Structures are given as structure tokens and as C-alpha cells.
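The values are calculated or read from the model by the stated rules, or taken from the named source; none is laboratory data. Since the model is a prediction, treat every value here as computed from it, not as a measurement. Glycine also receives a Cβ, built like all others from the backbone with ideal geometry; neighbour counts cover every protein chain displayed.
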């Protein structure tokens, strides 16, 4: 007999379960068990919901955030039942979509809210979990035949009303949720909208005052790796291999869509690999790497798990100026839910990253005018100062030397 069944029987014996298909459920005991799963920031419940949507295979999601409430709706081919969710709220699974969902709702309950409502609607029936204070109520209703074989899941989190026009807590909650979505979900496989704005953004060829030499995108599921290299005017890329050819591809981020409108595709993104079948509408990407123009600075790795960007990790692997994004199976997170455990799977990822980065580095030495001249000991470009030339030569020598993989510290922030 499950823990949930025992709990419901005890509640029924205490007279807290109603007989007409609706029941109230005291959450104090369940929430005590979930204390160790509390997120660093309660607003990150919205990130766990995005992870749940990606893990459940949602096809559409829209979010609206204002001072009074956060409203989220997502359409998907299958959804966990409310009864499964209630059980997961008391004992979250080890992983998967149901864990994301349970921890999302648990964290949402930790915010300054008036009530939380979770609804799962199918073509025939709908089920609703409504939480007010320390009690929850489960009810059933009619479905929506227009949904067909799809399911519509909706979350409504109503905030506590503050004193005056807008309370400081309401303002902070709105800002935290919005910033979490736009900063941490820009590479989500599922494109979704927050107040009508898409969260998707490409990994631009330039970030702030840092310019990048070239970017390699490693696509998943197509046998040998396919490479995309950015080619802005200042990079002076020289395509010396005649078999290389260009094909424009579109953003965003770690996912690319073919576009019939070539003039709308950024000119800095060009594919240099074998032709990809015209039937392929979506090109999932396993990782992306780029080097800073002067080959200096920390080596940073951003991991993406179920569509959410994790805080960057600094690696000491002898590749200064390298920045990388990656999606990797088998990684485990710590109790914060957004920190990666340094285990064998993580070591495999770092080894793969090193191999891909060295391949990109060799490509730069062969094809990039500035790097090629310095690597070959020839005349360096006139726009490099003597100090810049020395730093670049030192960087090239450091990368060319043997090195051991040493994992550094995790840093705050996003890409």
C-alpha cells in the first residue's frame, strides 16, 4: 500500500475527506518532508515548470506574469494525472518530468501566494488541484472535446495583495520570475512566450566587449558531426578547402530551423558541412563552442538540462578563452536542482568538450588569417599591438602543450 494511500486513509478516518468526489488534504506533513528540496530562489519554481514542459514533450506554452498572478498554459500529448502529482508532492521521484512538476509546485507554494491552482484537462475529463494555505482540494469536471488526443495543463499562482498600489514583494516576485525565464530559458527546445515575447535568443557572435573568432555547433543525430562557423566581416575567415561549401541556416541558440527567407537569417551564421536533407525541419544541437578573439580568459561551460540553462562552470583544461554550451545525457543534479554533480558522466562531457574544442582550434590555425599567421610564425596583422601578439603566441603555445583535465569551480549567473 502506497504512502499516499495510507495518508488518505488516515485523513478519511479523521473526517477530512468529503464523500462527493472532492477532498481536502492537509499539506503540512507533506511539505515538511520536502524541506530538503527547497530551491535557492522560490521564483525558480517557474524554471522547474519549464523543465517539466520540455520533459513532457509540450508542443506549446505561454506564460503571463503581472503583479496579481502568474498564469501558465501548456499543450502536450500526455500529462501525469493529478493523483500522481499529489503522490509526487509527498515523495518526489528520482528524476523526470514528474519530479520537475512536483518540485515546481512545492517551490511555488513557498512564495507569498494567496492560492495555487493546477488544472489538467483532456477531451473527456478535467481535474483540478487547488491549494489555499495548508490545505488542498481536488475536484473533477468536464473536458474539452476540441483538445482531441492532447492535454492542456494550466497553472495559476495568485499572489498575496500588498499594501498600497504594489507591494515590494509583488514587484520583486514579478521581476525575479521574468528575469529567470528570459535569462535561463533562451535555449529551450520548446519555444514559448512570456507576455507575448519569445524567450528564444541566438548565441550571438559577440557578447559585450568580447569578440569571438569562430563558433562550432555540433548537431546531434546525424552520424558525423556537422559544423557551423560564424563569419562576421572582421574575422577574415579564409576557406582554403574547396570541398567546404556554405548553406544558410537559422537560429535560435542550440536549435536551428530551416528558413525559406534567407535574407532574414543572420549573415554571421553559415554551415560548412555536408548538405543536410531538405526534409529536415529541425536540427537539434548537442553543443556549441567558441573562442575569444585573443584566446584569453576563463574556460566556461554552460549546461542545458530540459531546456533550462544552468549556472556556468569554470574549467581548467588548458583552453583559455573557450566558452561552451552543451546538452548531455546522464548528468545528475545536486539538492539545489541546478548544480551538476561531478561524476563519471560529467568527466565524459569534459573529455568530449576538450576533443571538440581542439578540433575547432586546429580549424582556426588552418583557416583564420590572424591565427594562421601567428601559428606559422609569419607576419602578424598590423592591427594587433606587440602586447596582443605576445599574448596570442603564449595562448597558442599553451593550447598546443599537453595538459590534464582539471575541473574548476561553479560560477553564478547565466550565458
For the subset of segment 86-105 comprising residues that are out of contact with any helix residue (DSSP H, G or I) (no Cβ under 6 Å at 6 or more places or on another chain) and in a helix (DSSP H, G or I), which member is nearest to residue 306 (Cα to Cα)?
99
For segment 334-387, how many residues are farther than 30 Å from residue 50 by Cβ, outside any helix (DSSP H, G or I) and either modelled with pLDDT of 75 or more or in contact with a strand residue (DSSP E or B) (Cβ under 9 Å, 6 or more places away or on another chain) (or both)?
1
Could you check segment 38-63 and list, in sequence order, the residues that are touching a residue at least 24 places away in the same chain (Cβ under 8 Å) and either part of a loop (DSSP other than H, G, I, E, B) or exposed (fewer than 14 other Cβ atoms within 10 Å of the Cβ) (or both)?
38, 39, 40, 41, 56, 58, 59
Going by the structure shown, is residue 314 at pLDDT 70 or above and not in a helix (DSSP H, G or I)?
yes
Output the number of residues of segment 135-176 satisfying the condition of being in a loop (DSSP other than H, G, I, E, B) and under 26 Å from the mean Cα position of the chain (by Cα).
1
Could you grab me the full set of residues in segment 119-134 that are part of a strand (DSSP E or B) and either out of contact with any helix residue (DSSP H, G or I) (no Cβ under 9 Å at 6 or more places or on another chain) or under 26 Å from residue 333 (Cα atoms) (or both)?
125, 126, 130, 132
Filtered residues of segment 108-131 (kept if within 26 Å of the chain's Cα centre (by Cα) and modelled with pLDDT of 90 or more)
108, 116, 117, 118, 119, 120
